[in-house]
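**Student:** Sending over a structure as structure tokens; questions will come in a sec.
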Amino acid sequence: MSHVADAHPIRFDENGAPMSLRFDDPFFSRHDGPAETRHIFHSGNQLEARLPQATRFTIGETGFGTALNALETWALWDRMRRSDATLRYVSFEAYPLARDDLARCIAAWPEHRQRGEVLLAALPGQWPDSGCITVNFAGFALEIVIGLAENTIPVHDLTADAWYLDGHSPQKNADMWSLPLMQAVFDHTVPDGSFASYTSAGWVRRNLQAAGFVVEKRPGFGGKREMSRGVKPA
């Protein structure tokens, strides 16, 4: 008999932005969530230059959250991909949002209404407490791996071309930025593969460097002065 995962408790602030009660942390920038995704994860991984050249591309993500990164990437892929190309998007999530909360988050982005409806229809009504949900949207293959990232990433079969490191704040959720987890991310990255993250915390960058990445700081988004990106040397 399968068990059902506990829903991630959240609240919505006065502007309708979701806040994690588990980590006392917002899910994305209050300035503009979609623009933040494009600045940090798309530009940080140079996707606009890389995706048109790819017939197969794999993205790993730490934290599915509100599905914003997945929806933005799906939209980018549809605009840029070749007709015979496939994007595999593997997201690791320990505490998925309740379906009603996820639907409310997605409804805030009119540009993703159609994709959001397709996504919600494909997801289970209740999340299992472990395992993988896999759905394929005509060239965009989404996998949501339920469980702690430090347990699921090391044993997963993916080798990512790019990573979105998007766990909650390192000050609030340190396990998502630990050296063992960053090492697992590095080990599951292709040579010349990349990562991008909103955080530039010094100890996180040192963990990424110790794992083997070449790390650099770049201008952040909104109120954040800096972000991090890096590559795995060939």
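The values are calculated or read from the model by the stated rules, or taken from the named source; none is laboratory data. All of these numbers come straight from a predicted model, not from anything done at the bench. The accessibility values were calculated without ligands, DNA or RNA, using every heavy atom of the protein model including side chains. Shrake-Rupley method; radii C 1.70, N 1.55, O 1.52, S 1.80 Å.
**Student:** Can you tell me how much longer the chain between ASP129 and ALA107 gets when fully stretched, taken as 0.36 nm per residue apart minus their C-alpha distance, in nm with one decimal? Kindly include the intermediate steps, with their values, before the conclusion.
**Tutor:** Numbers: separation 22, 0.36 × 22 = 7.92 nm, distance 2.55 nm.
Gain on stretching ASP129 to ALA107: 5.4 nm.
**Student:** With a 1.4 Å probe and every protein chain kept in, tell me what percent of the accessible surface of the chain is carbon plus sulfur. Numbers along the way, then the final one.
**Tutor:** Values: 5060 of 10490 Å².
It is 48 percent, rounded to a whole number.
**Student:** With no solvent and one equal point scatterer per Cα, compute the Debye intensity ratio I(q)/I(0) for the chain at 0.13, 0.15 Å⁻¹ and report its log10, rounded to two decimals.
**Tutor:** Cα-only, vacuum Debye calculation for the chain: -0.74, -1.02.
**Student:** Quote the accessible area belonging to ARG50 in square angstrom, nearest 10, computed with a 1.4 Å probe and with ligands, DNA and RNA left uncounted.
**Tutor:** 60
**Student:** Can you tell me how segment 137-177 classifies by the Cα gyration tensor, rounded, prolate or oblate, using a/c under 1.5 as the rounded cut? Mind showing how you got there, number by number?
**Tutor:** Details: a/c = 2.19, a/b = 1.73, b/c = 1.26.
Prolate.
**Student:** For segment 75-174, what does the relative contact order come out to in percent, with C-alpha contacts under 8 Å and a separation of six or more? Please list the in-between numbers first.
**Tutor:** Values: 88 pairs, mean separation 35.0, N = 100.
Over segment 75-174, the number comes to 35 percent.
**Student:** I need to check one value: relative contact order of the chain, counting alpha carbon pairs closer than 8 Å and at least 6 residues apart, in percent. Don't skip to the end; give the middle numbers.
**Tutor:** Values: 440 pairs, mean separation 48.7, N = 234.
21 percent.
**Student:** Additional query: How much accessible area per residue does the chain have, in Å², with a 1.4 Å probe?
**Tutor:** Values: 10490 Å² over 234 residues.
That works out to 45 Å² per residue.
**Student:** Output the antiparallel fraction of DSSP beta bridges having both residues in segment 89-182, as a percent to the nearest 5.
**Tutor:** On the way: 6 of 11 bridges.
About 55 percent, rounded to the nearest 5.
**Student:** By DSSP, what percent of the beta bridges with both residues in segment 1-149 are antiparallel, rounded to the nearest 5? Don't skip to the answer; put the middle values down first.
**Tutor:** Values: 12 of 26 bridges.
The answer is about 45 percent antiparallel.
**Student:** OK, next. Under the classification rounded if a/c is under 1.5, otherwise prolate if a/b is larger than b/c and oblate if not, where does segment 43-118 fall, given a ≥ b ≥ c as square roots of the Cα gyration tensor eigenvalues?
**Tutor:** Values: a/c = 2.33, a/b = 1.61, b/c = 1.45.
Taking the square roots of the gyration eigenvalues as a ≥ b ≥ c, segment 43-118 is prolate.
**Student:** So what J values fall out for segment 194-205 if you push phi through Karplus, 6.51 cos²θ - 1.76 cosθ + 1.60 with θ = phi - 60°, rounded to Hz, Gly and Pro as x?
**Tutor:** The phi angles translate into 10, 9, 9, 8, 6, 8, 10, 3, x, 6, 5, 4 Hz.
**Student:** Top mean-square fluctuation among GLU72, GLU14, GLU61, Gaussian network model of the chain, C-alpha springs under 10 Å?
**Tutor:** Maximum fluctuation in the GNM of the chain, among the listed residues, is at GLU14.
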